[in-house]
């Protein structure tokens, strides 16, 4: 699977195994199947929003910053309205870092 992904995405050789595990974990999460949380991730970042251009731009900016700063993080774009409402935010996009709404 990593071979197919690497045709369209640059995956450094030293992180291929971790990338593969992360892909499987996120795919299982997407399908609603049981998965094991990544305990190595430093930050837990969530972008809350229904999928508008601003939400996608914020997600992309966050990922670029984390890459530039070489910070390990789990980044999720939450689009489920019930899950977003659970954070008590009134507008979107909203940013949540380690469970705290910014």
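Values quoted throughout were computed directly from the atomic coordinates according to the rules given, and no laboratory measurement underlies them. What you are looking at is a predicted structure, and each value in this text was computed from that prediction instead of being measured. Glycine gets a Cβ as well: all are built from the backbone with ideal geometry, and neighbour counts include every protein chain shown.
Close Cβ contacts (under 6 Å, 6 or more residues apart or on different chains) running from residues in the range 1-27 that are without any contact (Cβ under 8 Å) to a residue 12 or more places away in the chain to residues that are assigned to a helix (DSSP H, G or I) and surrounded by 14 or more Cβ atoms within 10 Å (Cβ to Cβ) comprise 11/19. The helices (runs of 4 or more DSSP H) found entirely in the range 5-102 that carry 3 or more residues being touching a helix residue (DSSP H, G or I) at 6+ places or on another chain (Cβ under 7 Å) and surrounded by 11 or more Cβ atoms within 10 Å (Cβ to Cβ) are 16-31.
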